[in-house]
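Q: Quick one: the structure is below, questions incoming.
The values are calculated or read from the model by the stated rules, or taken from the named source; none is laboratory data. This is a predicted model, so every value here is computed, not measured. Cβ sites come from the backbone with ideal geometry, for glycine too, and all protein chains shown count toward neighbours. Side chains included, ligands, DNA and RNA excluded: accessible areas come from the protein's heavy atoms. Shrake-Rupley method; radii C 1.70, N 1.55, O 1.52, S 1.80 Å.
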Amino acid sequence: MKITCIDKEIKDILETGYYIIPRFQRPYLWDRENVEEFWNDAVADTEGAHFIGSIVVYKAKEGKLGIVDGQQRLTTITMILCALRNALKQYELSDLAHGIHHLVERPDITNRNQFVLQTETSYPFLQEYIQKYGVPETEPPTRQEESLLRIAFNYMTSNVEDTILSITSNPSIPQKNKPILIQKQLEQIRDRILGLKLIFVEVDQEDDAYIIFETPNTRGKDLRLSDLVKNHITRLLKPKNVNVDIPKDKWNTMVSLIEQSSADISVDTFLHHLWLSKYEYTTVKKLCNTPTFSDQ
């Protein structure tokens with residue numbers, strides 16, 4: 001396994017590549033507590049460290065990089081930038097707004113616009129209601145992932161608005177000085193986010209990415225049983241055509257059927273019960289550590 005590591009700032013990462021969330025990855029799972037903690041560490045705590053961990057990627061198709069670890073953080077950072085962009089647009093700072101949007105969406109080598117961060121599971125909500133610079137053209141889905149994205153984005157937007165309100169509602173600040181102070185505050189948040197540092201880890205092959213994905217992670221959300229099963233299936237059943245991914249489609253159909261069922265059961269519980277119907281009793285935690293899901 002060939003691995004290269006380099007320390008980078010978020011600005012460099014977003015300016016120099018396009019990133020996809022691969023089919024074996026889990027959806028956006030950060031709740032309000034996770035998002036609030038990230039905001040406090042990354043933005044509010046100006047005296048704190050600027051290092052936020054690592055991001056692991058592999059070389060995917062069409063020159064893009066698939067994200068193995070760091071999906072939740074990069075998605076959250078993208079939402080913060082979108083909240084800043086919208087605020088700058090609202091206060092008629094269009095040049096600054098477009099400057100930020102260039103880190104969210106920009107033309108590729110064929111001069112076609114592409115989002116810097118691309119995902120399937122939250123499509124089209126993330127693209128239309130958060131990343132897009134304009135009015136959404138579709139109705140928003142109401143699945144769990146979209147709900148968490150909405151909560152996170154609303155939290156970021158509210159924090160940006162509170163920053164502005166602290167200036168506009170302050171009677172001690174002359175009215176003529178408020179626009180420039182608002183601009184400076186928004187630029188400060190922008191620069192704080194873009195200056196965040198992390199270790200950028202890149203592997204050559206997708207198979208190596210699957211192995212890294214299954215490695216225990218000590219930060220963020222623990223991998224669920226369904227995450228590991230999906231990863232195991234998609235690692236072994238490679239699509240025969242790059243445009244048709246039958247294993248992933250069948251997995252998504254199964255998940256949809258379980259989630260829409262009148263029975264009060266999660267995908268993790270279903271898989272646990274399925275295992276228990278065939279093998280000796282074990283807990284979900286022990287099942288997650290079974291060699292079935294480790295590298296063969």
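Q: Filter region 186-207 for residues that are closer than 22 Å to residue 11 by Cβ and either open to solvent by 70 Å² or more (accessible area, probe 1.4 Å) or in contact with a Gly (Cβ under 8 Å, 6 or more places away or on another chain) (or both) and give the result. Please lay out each step first, then the result.
A: Pass one, region 186-207, residues closer than 22 Å to residue 11 by Cβ: 186-202.
Of everything in region 186-207, those that are closer than 22 Å to residue 11 by Cβ and either open to solvent by 70 Å² or more (accessible area, probe 1.4 Å) or in contact with a Gly (Cβ under 8 Å, 6 or more places away or on another chain) (or both) turn out to be 188, 191, 197, 198, 199.
Q: Please determine whether any residue of region 8-17 is farther than 21 Å from residue 105 by Cα, open to solvent by 20 Å² or more (accessible area, probe 1.4 Å) and not in a loop (DSSP other than H, G, I, E, B).
A: No, every residue in region 8-17 fails to be farther than 21 Å from residue 105 by Cα, open to solvent by 20 Å² or more (accessible area, probe 1.4 Å) and not in a loop (DSSP other than H, G, I, E, B).
Q: Show the residue pairs that are 6+ apart or on different chains and have beta-carbon atoms under 8 Å apart, the first residue being within region 16-35 and over 18 Å from residue 147 (Cα atoms), the second being open to solvent by 30 Å² or more (accessible area, probe 1.4 Å) and hydrophobic (A, V, I, L, M, F, W, C).
A: So the pair list comes out as 18/115.
Q: Taking the criterion of being closer than 26 Å to residue 161 by Cα, of a type in the set (Lys, Arg) and more than 13 Å from the chain's Cα centre (by Cα), would at least one residue in region 57-65 satisfy it?
A: No: region 57-65 contains no residue that is closer than 26 Å to residue 161 by Cα, of a type in the set (Lys, Arg) and more than 13 Å from the chain's Cα centre (by Cα).
Q: Going residue by residue through region 44-58, is there one that turns out to be more than 14 Å from residue 119 (Cα to Cα), open to solvent by less than 30 Å² (accessible area, probe 1.4 Å), touching a helix residue (DSSP H, G or I) at 6+ places or on another chain (Cβ under 8 Å) and assigned to a helix (DSSP H, G or I)?
A: no
Q: Could you go through region 142-163 and let me know if any residue there is surrounded by 14 or more Cβ atoms within 10 Å (Cβ to Cβ), without any contact (Cβ under 8 Å) to a residue 12 or more places away in the chain and of a type in the set (Ser, Thr, Tyr).
A: yes
Q: Separate question: Go through 62, 37 for me and flag whichever is open to solvent by 60 Å² or more (accessible area, probe 1.4 Å), at positive phi and assigned to a helix (DSSP H, G or I).
A: Values: 37 fails: at positive phi.
Step by step, each of 62, 37 is checked, and only 62 is open to solvent by 60 Å² or more (accessible area, probe 1.4 Å), at positive phi and assigned to a helix (DSSP H, G or I).
Q: Filter region 247-269 down to the residues that are under 17 Å from residue 231 (Cβ atoms) and either open to solvent by less than 80 Å² (accessible area, probe 1.4 Å) or in contact with a His (Cβ under 9 Å, 6 or more places away or on another chain) (or both) and list them by number.
A: 247, 248, 249, 251, 252, 254, 255, 267, 268
Q: I've got another one for you. Could you grab the pairs with beta carbons closer than 7 Å, sequence gap of 6+ or different chains, first residue in region 180-202 and closer than 15 Å to residue 79 by Cα, second one among the basic types (Lys, Arg) and assigned to a helix (DSSP H, G or I)?
A: Close Cβ pairs satisfying both conditions: 194/11.
Q: Mind listing whichever residues of region 115-160 are assigned to a strand (DSSP E or B) and either more than 15 Å from the chain's Cα centre (by Cα) or modelled with pLDDT under 95 (or both)?
A: Correct list: 118 only.
Q: Can you work out which of the residues in region 95-114 that are more than 15 Å from residue 131 (Cβ to Cβ) and modelled with pLDDT of 95 or more is surrounded by the most Cβ atoms within 10 Å (Cβ to Cβ)?
A: 96
Q: Considering only region 115-135, how many residues are farther than 18 Å from residue 71 by Cβ, of a type outside the set (A, V, I, L, M, F, W, C) and open to solvent by 40 Å² or more (accessible area, probe 1.4 Å)?
A: Qualifying residue count, region 115-135: 3.
Q: Name the residues in region 202-243 that are of a type in the set (A, V, I, L, M) and modelled with pLDDT under 60, would you?
A: Across region 202-243, the qualifying residue is only 242.
Q: Could you go through region 68-77 and let me know if any residue there is modelled with pLDDT of 90 or more, farther than 24 Å from residue 255 by Cβ, open to solvent by less than 40 Å² (accessible area, probe 1.4 Å) and part of a strand (DSSP E or B).
A: No.
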